[in-house]
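I have placed the structure first, in the form of structure tokens, so that the comments after it can refer back to it.
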Amino acid sequence: MGGSILVTGGCGFIGSNFVQQLLARQPACRVVNLDALTYAGNPNNLAALEGDPRYRFVHGDICDGEGVGRLFGEESIHAVVHFAAESHVDRSIAGPAEFVRTNVSGTFALLEAARRAWAGSGQGRFLHVSTDEVYGSLGETGYFTEKTPYDPRSPYSASKAASDHLARAYHHTYGLPVLVTNCSNNYGPYQFPEKLIPLIFNNALHGRDLPVYGDGKNVRDWLYVEDHCDALLTVLERGVVGETYNIGGNNEKPNIEIVETICGLLDRLAPPLATGAARRSLIRFVKDRPGHDRRYAIDAGKIRDRLAWAPAVTFEEGIEKAVRWYLDHPEWLVGVLDGSYRTYYEAMYGDR
Ligand code: NAD
Ligand code: DAU
């Protein structure tokens with residue numbers, strides 16, 4: 001796949017993993033990374049690409065339609081992979097406005113720019129990266145398929161659902177070559193430590209309380225981030241325009257099990273706590289997230305059967321790789337956590 005690919009949000013967690021994987025696998029490819037560098041965007045994630053003629057970083061906002069339009073004029077963009085978003089559910093509960101601005105208006109501005117740039121050319125592929133949270137919450141059984149009706153229940157998932165609808169409408173109405181993916185929970189290198197796995201890692205490493213919302217039995221379906229990026233490349237290359245693909249790793253786990261696994265890995269791989277206590281003694285069951293979805297589980301049969309994609313990393317391998325990556329890159333966590341950083345939980349309820 002030659003030409004320039006516009007990646008939005010390439011300095012975030014999944015975006016920076018994706019840009020690295022794309023350039024490693026397709027050396028002839030050129031990437032233009034448009035990122036506003038919010039609290040979640042860290043240009044150091046891609047520092048190794050500085051000076052590489054295949055890579056251009058543009059500091060800009062996807063909501064700036066004129067700026068995005070200029071970028072399409074300057075670069076010969078054959079494909080868009082759209083990651084840029086406000087991504088954290090707890091933040092959307094505390095302040096939903098930014099989620100509507102970026103996720104809805106920003107996606108709209110990007111779709112418009114692509115429509116104008118590619119009009120009548122028969123060119124382009126617009127991969128809209130979305131989430132399984134648009135489908136709502138499952139009971140004890142069942143899976144999300146591509147046909148599951150949308151039922152978003154947080155401001156974050158509602159804003160992502162709106163953006164999915166806009167992306168599909170642009171395909172239906174204007175023939176824009178849109179592909180949509182809905183993926184389950186990712187984990188791995190470069191994830192901001194407001195999300196469960198790096199937050200628990202950081203607190204457990206330093207002997208701080210480990211906040212588990214509610215009864216700890218909410219279930220998420222975990223996928224190693226490199227597997228998600230591999231699936232996105234598969235959809236970008238071979239997906240059928242106008243189609244939606246669910247992506248997941250078939251790794252359902254209750255939150256408490258994730259937290260206990262990280263504690264066990266750190267007890268084995270990191271220096272012991274000063275108290276000598278096992279890290280699981282730091283677990284605290286705290287007030288639940290408002291509207292907390294109970295269970296997510298993805299049926300990834302369509303992408304498996306039609307595009308021959310399957311995840312390569314088991315949860316046991318992936319979680320140890322992730323913990324080792326964070327242990328090996330202490331400077332990364334320090335760098336993203338400035339003095340003003342407080343977890344959602346601390347900000348809303350104090351330390352306990
Ligand atoms: P992230 O929060 O780590 O990164 C978001 C990036 O977008 C940051 O680099 C940020 O600076 C940039 N950004 C935010 N607002 C912007 C704007 N207005 N203009 C330009 N750039 C802007 O997010 P993530 O976890 O990497 O998620 C990436 C995408 O994947 C999101 O669309 C998210 O909904 C989706 N997704 C995430 C997961 C997950 O588990 N993290 C799972 C499924 C889907
Ligand atoms: O399902 C895909 C989604 O996964 C993505 O679309 C989102 O961008 C991503 O943030 C993620 O959303 P979650 O809300 O599932 O992820 P989070 O890491 O915030 O929480 C995972 C689970 O852990 C959830 O049930 C809430 C719980 N939790 C979270 C935190 C931060 C805790 O129990 N304690 C915590 O401190």
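The values are calculated or read from the model by the stated rules, or taken from the named source; none is laboratory data. Every value quoted in this text rests on a predicted model; they were computed, and no experiment measured them. As a convention, Cβ positions derive from the backbone with ideal geometry for all residues, glycine included, and neighbour counts pool all protein chains shown. Side chains included, ligands, DNA and RNA excluded: accessible areas come from the protein's heavy atoms. Shrake-Rupley method; radii C 1.70, N 1.55, O 1.52, S 1.80 Å.
Ignoring any ligand, DNA or RNA, what whole percent of the accessible area of the chain comes from carbon and sulfur when the probe is 1.4 angstrom?
Taking all protein chains in place, the chain shows 52 percent carbon and sulfur surface.
Rolling a 1.4 Å sphere over the protein heavy atoms, what is the accessible area per residue of the chain, to the nearest Å²?
In whole numbers, the chain has 42 Å² accessible per residue.
Which cross-chain or sequence-distant (5 or more) residues have an amide H under 5 Å from the amide H of Y55, H modelled 1.01 Å from N in plane?
V31
Name the residues whose placed amide hydrogens come within less than 5 Å of the amide hydrogen of I283, ignoring near sequence neighbours (fewer than 5 apart) on the same chain.
Placed amide hydrogens put L210 under 5 Å from I283.
With springs only between Cα atoms under 10 Å, which of R280, R268, R56 fluctuates most in a Gaussian network model of the chain?
R268
Would you please give the residues with an amide H less than 5 Å from that of V7, counting only those at least 5 places away or on a separate chain, with H modeled from the backbone geometry?
Long-range HN contacts for V7: V32, N33, L34, V81.
Among residues other than Y174 whose Cβ falls under 12 Å from its Cβ, what is the net charge (Lys/Arg +1, Asp/Glu -1)?
Values: positive: R115, R116, R168; negative: E112.
Charge balance in the 12 Å sphere: +2.
Using the structure shown, select from K253/K302; K147/K195; K147/K287 the pairs with a Cα to Cα distance greater than 26 angstrom.
With Cα atoms farther than 26 Å apart: K147/K195; K147/K287.
Using the crude model of +1 on Lys and Arg Cβ and -1 on Asp and Glu Cβ, and no other charge, please compute the dipole size for the stretch 193-271 relative to its Cα centre, in debye to 20.
180
What whole-number distance in Å separates the alpha-carbon centres of the stretch 11-81 and the stretch 292-310?
27
Using θ = phi - 60° and the Karplus relation 6.51 cos²θ - 1.76 cosθ + 1.60, list the HN-Hα couplings for the stretch 64-80 in order, rounded to whole Hz, with x at every Gly or Pro.
Each residue's phi maps through the Karplus curve to give 7, x, 5, x, 5, x, 4, 4, 4, x, 6, 10, 8, 8, 9, 8, 10 Hz.
Starting at the first residue of the stretch 248-264, write each ³J(HN,Hα) from the Karplus equation 6.51 cos²θ - 1.76 cosθ + 1.60 with θ = phi - 60°, in whole Hz, x for Gly and Pro.
Coupling constants for the stretch 248-264: x, x, 6, 10, 6, 9, x, 4, 4, 5, 4, 5, 5, 5, 5, 4, x Hz.
With Cβ to Cβ distances under 14 Å as the rule, what net charge do the other residues near L71 carry (K, R +1; D, E -1)? Write out the running numbers ahead of the final one.
Working: positive: R30, R56, R70, R116; negative: D35, D61, D64, E66, E74, E75, E112.
It works out to a net charge of -3.
Picking from T107, T173, T261, which is most flexible by a Gaussian network model of the chain using Cα springs under 10 Å?
So, out of T107, T173, T261, the one fluctuating most is T173.
When the Karplus curve 6.51 cos²θ - 1.76 cosθ + 1.60 is applied with θ = phi - 60°, which whole-Hz ³J(HN,Hα) does each residue of the stretch 199-204 get, with x for Gly and Pro?
Each residue of the stretch 199-204 in turn: 5, 5, 4, 5, 5, 5 Hz.
Most fluctuating residue of G124, G15, G291 in a GNM of the chain with Cα springs under 10 Å: which is it?
G291
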